[in-house]
Amino acid sequence: MNLKLSFYTLIFIVVLCTSVSCKEQVTFAEAQNLTVSEGFKNPLGFYDANPSFSWKLPVSEGVKSQSAYHLVVASSEDMLPDNPDLWDSGKQVTDQSVWVNYNGKPLQSRQKVYWQVKYWNQDENASEWSVINHFELGLLSNDDWKAQWIGLDTKAEGIIGSQGNIVHRPQYLRKGFELSNDVASARLYITAKGVFDVAINGEDISDDVMPPGYTPYKERIETITYDVSNLIESGQNTIGVELASGWHSSRLGWRKALWVDTETPKFLCQLEMTMKDGTKEMIVSDDSWKGTTNGPIRLSEIYDGETYDANLEMDGWTTNNFSDKDWSSVNTFPIENNVRLEPKRHTTVKSKIEVATQELIEKDGTVIFDLKQNMVGVPLLKVPMKKGETLKVRFAEMLSPDGTFYTDNYRTALSTNYYTASEDGVMEWMPKFTFHGFRYVELSGFDISAEPTKDWVTGLVQYSDFEENGTFTSSHEKLNQLQSNIVWGMRGNFFDIPTDCPQRDERMGWTGDAQVFGPTSIFNADVYKFWASWMQSVGESQYDSGGIPWVVPDVLFNDKVSAGWGDVCTIIPWKIYLRTGDKKILEENFETMKGWVAYHQNVSKDYISKMGGFADWLQPLPENGDNRGDTAHSLIGTAFFAHSADLTAKTANALGDKEAYEKYNALYENVAKAFENHFFEEGKVKDVSETQTSYLLALAFGLLSEEHKGNAKKHLLQKIAEADNHLRTGFLGTPLLSQVLDETGEIDLMYKLLFNETYPSWFYSINQGASTIWERWNSYSKDEGFNPQNMNSLNHYAYGAIGEWMYERIAGIASLEAGYKSIRIAPEPRQPLNSASASLNSPYGKVSSSWEIKDGIFSLNIVIPPNTTAKVVVPGSAESIEENDAIEKISTETEKTEFLVQPGNYTFKSKL
């Protein structure tokens, strides 16, 4: 069947169901769709004293849009809605239901705030008041802290790691305290230079993984607030903290001079209690605490793994019935004024998914457990052992052709765990302060009299605690596998920061990888708060020159930058704004953007960039044999100079800064003109290598005069044809390929590139068994084995950027106005697909688009949420057989029909 639009014919049916009219009406008070700032729901230890408020209108009959709202904010639940003491917005006649900025009395650390909203619909009928929501602020300033940093001198133990680095033995720290009254409420404010786990009276207080997380520690350390009211008792109590190196004190990166002598891990905590009689009590980290390093976790490093000796377990060490008389006094350190302590502004890492072993392989005295999914996290082990024996646990993403472990791509990361048994029997254990990237787990050292079973190993998938935000599926098995690989690549590399890879001796926040994958991730998951937090780190890591480091947090400190990498500071905020409509992300990053554009300008002459860097990283089949590809550095640098100037101008315009807009727009136009004059002649690349990426940059960023765009497109198509209709793009070119081919009407060709089976293509890795996105287009081949280069991650999300086009153009959901206030539904069906569908939780509610071709009939089902409108573009020329004021036909052409539609559920049908 040929699905080109010109073959669509006449009959077209529109069936309308008004917003779930067949379902029971849902009142606003029952709709739990109220959030603050970047999507937080009733947060504890919140970071934002100037929040914004958002709500979604209920999907119920008669609710199409909002005509007004009334928002009330109070310091007590009893004051709402009639007597709010913090802010009463009054009735605001506006359709704004997202990102409504707080405009009330100043909020303070520790303050608990309650809020409620009501709205008027399009007919000016008022809703009920919503359920009462709340947020509680954390400690917002260093001045709020009365505690001291504490820890043991782990350097003195002199443990040297595999790469000559100081290894800090994990610490066990505890304090007993007595209360003479019952506790009404208790909050534990805590953080670490390292990572921690904490228990009170023998009970773990959370399931967080490796808190507090990873930030530029010389600028900012995140703090976390826990409600421990139910764990504190009248009388004797004990708090215990396990402390390990984490990102702060482990070796990171490859610059040995930076981690050969790392700072000793420390932690800081403040337990604040309100007693039932109204009095206050406070327990802080100070010199009254005691500690030891003679606990069961002997070693724990991010790259190298964890060593555990059950013989050293200290039963009850976090309870009152334990003697610490032989423990050491701790060292204390003051809080530095130049390092900000701020509440964590996105969710912690948690164990989110369990993956069961699918197959056992016994080889050379070991047992290999195959989970059939490349993942990130730790194994939960339930293994029979003999007393005194040591279990060795190794990891791999793939097996070599001879069945042995392939770990060359881990490089110097040992990624090995050890567990020494204290008794005969089945031990249950999982590492606490490390993580691994793996599909396979190899065990040796277990009780050899036992028959291995699959339940010995379960994979615990760990990533920042975000939820699914969008879905995509189709009639094509490999396209669905590609979507699965994209999602698993995101899960594997969103481990508190966006990492490049989760397994080798990097696991760093590479800025180039982040900027190309960001838009795809925002569709798949609720990661606005995740990106906003990391973008704060980007700004904090910016050099005085305005340059952006290769990695954030910066652990390389080499003062080097790269075009296309540093531009993350303009691209990600703008992309987030387009998908959320929240100007806060632009406001927070505007100064960083301007600094980066100034850096671009300072390393350019006559607007032509002299910036080096990684260029079109890992372009396949480069003629020069370089990982940086064939596209000229100066062309790439100048293109991104123009692009960042353009995005900074657009940001200024969105923020209402006319003067800045005119300045950066003029700069963009000047750079674009210089780019075309220097690198192109009548739409053809001159004087530098002619590549697919060189044309893609010029066309995607609008750098060519109108009369030469057609010629540039022709030359781009020639370069693709020369590659046998295959891509030749690396990290920077690949995300632009679908955009440019789509915008220039070459959708058939984009389908061809997407569905190619041979190298280089997305399906090539799937055909080789990939369950995640790979770093290279040819990281592994069934015929040729592994790519010989050791920079060969099998979990690297960058090329998953294609997901953005799959959702917006195959399924057909895109934003016409920032934040999906206005939506475009315009699927582009082509062979070999018979169906495709996607859904998205937009700021206003669920959007979905699902199409199918069956028995010659094209069907499109869509859902448009309240308080939005949509432009629907349907293949073929058609007439609606049902008149409805929710649908307005705005154009009919030979190949398509366009409608404007109001919120609701719709079905479109067309006979082929």
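The values are calculated or read from the model by the stated rules, or taken from the named source; none is laboratory data. Just so it is clear, the model here is predicted, and its values are computed rather than measured. As a convention, Cβ positions derive from the backbone with ideal geometry for all residues, glycine included, and neighbour counts pool all protein chains shown. Just the protein is used for accessible areas: all its heavy atoms, side chains included, with ligands, DNA and RNA removed. Shrake-Rupley method; radii C 1.70, N 1.55, O 1.52, S 1.80 Å.
Strictly greater than 22 Å: what percent of every Cα pair in segment 633-783 meets that?
So the portion of pairs separated by more than 22 Å is 48 percent.
Can you list the HN-Hα couplings for segment 566-574, worked out from phi with the Karplus curve (6.51, -1.76, 1.60; θ = phi - 60°), rounded to whole Hz and with x for Gly and Pro?
x, 5, 3, 6, 9, 6, 5, x, 5
Mind checking the full-extension length gain between E852 and D85? Use 0.36 nm per residue of separation minus the Cα-Cα distance, one decimal, nm.
Numbers: separation 767, 0.36 × 767 = 276.12 nm, distance 5.40 nm.
That works out to 270.7 nm of additional length.
Can you compute the FRET efficiency between A49 and K911 using 1/(1 + (r/R0)^6), with r the Cβ-Cβ distance and R0 = 45 Å? Round to the nearest 0.05. Intermediate results must be reported in sequence, preceding the final value.
Details: r = 59 Å, r/R0 = 1.30.
FRET efficiency, A49 to K911: 0.15.
Quantify, in whole percent, the carbon and sulfur part of the accessible surface of the chain (1.4 Å probe; protein heavy atoms only). All intermediate terms of the calculation are to be shown ahead of the outcome.
Values: 14690 of 33770 Å².
After summing per-atom areas, the C and S share lands at 44 percent.
Taking 35 Å as R0, compute the FRET efficiency from the Cβ-Cβ separation of K386 and K782 and round it to 0.05. Intermediate values should be presented prior to the final figure.
Working: r = 40 Å, r/R0 = 1.14.
Once the sixth-power term is evaluated, E becomes 0.30.
Placing one identical point scatterer on every Cα of segment 377-442 and ignoring solvent, what is log10 I(q)/I(0) from the Debye formula at q = 0.23, 0.24, 0.29 Å⁻¹?
-1.00, -1.05, -1.26
Specify the inter-centroid distance of segment 389-452 and segment 501-528, based on alpha-carbon positions, in whole Å.
Taking the Cα centre of each part, segment 389-452 and segment 501-528 sit 27 Å apart.
For q = 0.07 Å⁻¹, what log10 I(q)/I(0) does the chain give under the Debye formula with an equal point scatterer on each alpha carbon and no solvent?
Ignoring solvent entirely, the Cα scatterers give -0.62.
Compute the helix-to-body angle for 706-722: its Cα long axis versus the longest principal axis of the chain, expressed 0 to 90° and rounded to tens.
70 degrees
Could you give the size of the charge dipole of segment 530-677 about its Cα centre, using +1 on the Cβ of each K and R and -1 on the Cβ of each D and E, expressed in debye and rounded to the nearest 20?
Numbers: 13 positive and 20 negative charges, 42 e Å.
The calculated dipole for segment 530-677 is roughly 200 debye.
If you look at just the Cα atoms of segment 105-184, how large are its Rg and its Dmax in Å?
Using the Cα atoms of segment 105-184, the pair Rg, Dmax is 25.0, 74 Å.
Treat every Asp and Glu Cβ in the chain as -1 and every Lys and Arg Cβ as +1, leave all other atoms uncharged, and give the resulting dipole magnitude about the Cα centre to the nearest 20 debye. Display every interim value, and only then the final one.
Values: 83 positive and 124 negative charges, 217 e Å.
With Lys and Arg at +1 and Asp and Glu at -1, about 1040 debye.
Under a point spin-label approximation (7 Å from Cα along Cα-to-Cβ), what is the D364-K276 distance to one decimal in nm?
Calculated label separation equals 6.5 nm.
Past the 26 angstrom mark, what percentage of all C-alpha to C-alpha distances in segment 425-549 do you count?
Numbers: 3024 of 7750 pairs.
That fraction is 39 percent.
Add +1 for every Lys or Arg and -1 for every Asp or Glu among the other residues with Cβ under 14 Å from the Cβ of G138, and state the total.
Numbers: positive: R110, K112, R187, R220, R340, K344, R345; negative: D48, E136, D143, D144, E222, D227, E272, E342.
Cβ neighbours under 14 Å give a net charge of -1.
In square angstrom, what is the accessible area per residue of the chain with a 1.4 angstrom probe?
On the way: 33770 Å² over 912 residues.
Counting only protein heavy atoms, the per-residue value for the chain is 37 Å².
Cβ under 9 Å from I747's Cβ, I747 left aside: what net charge do those residues give with Lys, Arg +1 and Asp, Glu -1? Intermediate results must be reported in sequence, preceding the final value.
Numbers: positive: R809, R830; negative: D742, E746, D748, E828.
Residues close to I747 contribute a combined charge of -2.
May I ask you to list the lysines whose Cα is less than 24 Å away from that of K560, ignoring any residue fewer than eight positions away on the same chain?
K218, K256, K594, K605, K610
What are the ³J(HN,Hα) values, in whole Hz, obtained from phi via the Karplus relation 6.51 cos²θ - 1.76 cosθ + 1.60 with θ = phi - 60°, for each residue of segment 833-841 in sequence order, with x given for Gly and Pro?
So the J values, rounded to whole Hz, are 8, 10, 7, 6, 8, 8, 9, 8, 8.
Restricting to DSSP H runs of at least four residues, report the calculated mean residue ellipticity at 222 nm for the chain, -39500 (n - 2.57) per run over all residues, nearest 500 deg cm²/dmol. The partial results should precede the final answer.
Numbers: 14 runs with 180 residues, N = 912.
Roughly -6000 deg cm²/dmol at 222 nm, from the helical runs in the chain.
Give the calculated FRET efficiency between E77 and S141 to the nearest 0.05, with a Förster radius of 25 Å applied to their Cβ-Cβ distance. Before the final figure, lay out each step's value.
Numbers: r = 26 Å, r/R0 = 1.05.
Step by step, r from the Cβ atoms, then E = 0.45.
Mind pulling the angle between the C-alpha long axis of helix 734-743 and the longest principal axis of the chain? Nearest 10 degrees, somewhere in 0 to 90.
30 degrees
I'd like the orientation of helix 633-654 relative to the chain: the angle between its Cα long axis and the longest Cα principal axis, in ° from 0 to 90, rounded to 10.
90 degrees
Quick one: Karplus J couplings for segment 764-775, per residue in order, coefficients 6.51, -1.76, 1.60, θ = phi - 60°, nearest Hz, x for Gly and Pro?
For segment 764-775, the Karplus curve yields 4, 5, 4, 5, 9, x, 5, 10, 9, 7, 9, 5 Hz.
Quick one: net charge of D153's neighbours, Cβ under 11 Å, K/R +1, D/E -1?
Details: positive: K155, R169, K266; negative: E157.
Once all neighbours under 11 Å are counted, the net charge is +2.
Out of residues 5 or more away from R340 or on other chains, whose amide H comes under 5 Å of its own, with H placed 1.01 Å from N in the peptide plane?
Hits under the 5 Å cutoff: R220, I221.
Of Q481, V461, L137, which is farthest along the charge dipole of the chain in the positive direction, counting Lys and Arg as +1 and Asp and Glu as -1 at C-beta?
Of the listed residues, the answer is Q481.
Quick check on my link table: of K363/K432; K583/K752; K64/K583; K266/K529, which ones sit more than 30 Å apart, alpha carbon to alpha carbon? Don't skip to the answer; put the middle values down first.
Working: K363/K432 28 Å; K583/K752 38 Å; K64/K583 25 Å; K266/K529 27 Å.
Violating the 30 Å limit, Cα to Cα: K583/K752.
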